Amino acid sequence: MRLRRARCPNSAPPYAVAPGPGVVDGDEIPYLAAALAKKKDNFANRLKLDPEIKCYMPGVPRATYMPYPFQIIQSQKNIAISYEFASAVRMVNMGAPTKAPTDSWMGWSNGHWEGDTLVIDVTSQVEDTWFDRAGDFHSDALHVVERYTPRSPDSLMYEATIEGLKVFSRPWKISMPLYRHLEKNAQLMEYKCPEFAEELLDGPLRKQPVK
């Protein structure tokens, strides 16, 4: 239940996650009892169920801390966030808050500024996305409030407060620094995500096939 920031390189198998500190404040995600049982079932069946291994768009906040870059593009009116993984994109409405016409994989984002901090209120995400490779999940009642705060010319502090009464007993928060890519001509590349890549590569080597 200690949600971790993914640090493995893009070429690593989907479940080869390097060790690292947890990013959940207090270390534990406050699951309701029935939801905790489902989380454990998700973990046991992650080779078949994880949306990432199916190449689905990752949702919010997972898209932020996957080991793939993303780009924040600011116009005079709104903000766009473009992600390398699954070519996911979301528009952040910076005007008067609006409601989503329907639920979607990346949800509906309304933003505003609090000083130098960009605050984004995210609702209307489908319940099919996960938070990580460990099976941590949510319902269609997920509500995420993100905060992006500059801490240096090349880094941001990212915080997300997460709530959803169908799954969690109380709101909980994650936080981590985000770093700018400083390579020459840094840019998003096209990532062609092959579904079930690990199973395609290593599945035939199993002593017992996955049913």
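Tabulated results
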{"item": "Test set (1) surrounded by fewer than 20 Cβ atoms within 10 Å (Cβ to Cβ); (2) under 20 Å from L49 (Cβ atoms) - L142 fails condition number", "result": "(1)"}
{"item": "Hits in the stretch 152-179 (condition: exposed (fewer than 12 other Cβ atoms within 10 Å of the Cβ) and charged (D, E, K, R))", "result": "D154, R170"}
{"item": "Test: residue in the stretch 89-99 that is at pLDDT 95 or above, within 30 Å of A37 (Cα to Cα) and either assigned to a strand (DSSP E or B) or in contact with a Lys or Arg (Cβ under 6 Å, 6 or more places away or on another chain) (or both)", "result": "no"}
{"item": "Count of the stretch 66-79 residues which are surrounded by 14 or more Cβ atoms within 10 Å (Cβ to Cβ) and within 19 Å of the chain's Cα centre (by Cα)", "result": "7"}
{"item": "Residues (in contact (Cβ under 8 Å) with a residue 40 or more places away in the chain and part of a strand (DSSP E or B)) located in the stretch 121-142", "result": "V122, Q125, W130, F137"}
{"item": "Enumeration of residues in the stretch 52-79 that are farther than 20 Å from R147 by Cβ and touching a Gly at 6+ places or on another chain (Cβ under 8 Å)", "result": "K77"}
{"item": "The stretch 82-93, residues that are closer than 20 Å to Y56 by Cα and without any contact (Cβ under 8 Å) to a residue 24 or more places away in the chain", "result": "V89, M91"}
{"item": "Any hit, the stretch 104-118, residues being in contact with a Lys or Arg (Cβ under 6 Å, 6 or more places away or on another chain), crowded, with 20+ Cβ neighbours inside 10 Å, more than 22 Å from S169 (Cβ to Cβ) and among the hydrophobic types (A, V, I, L, M, F, W, C)", "result": "yes"}
{"item": "Where a residue in the stretch 162-181 is under 19 Å from T123 (Cα atoms) and its partner, wherever it lies, is among the small types (G, A, S) and surrounded by 12 or more Cβ atoms within 10 Å (Cβ to Cβ), with Cβ under 6 Å and at least six apart", "result": "G164/S139; G164/A141; K166/S139; K166/A141; V167/A35; V167/S139; I174/A160"}
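The values are calculated or read from the model by the stated rules, or taken from the named source; none is laboratory data. What you see is a predicted model, and the numbers here were worked out from it, not measured in a lab. Methodologically, a virtual Cβ is constructed for each residue, glycine included, from the backbone with ideal geometry; neighbour enumeration extends over all protein chains shown.
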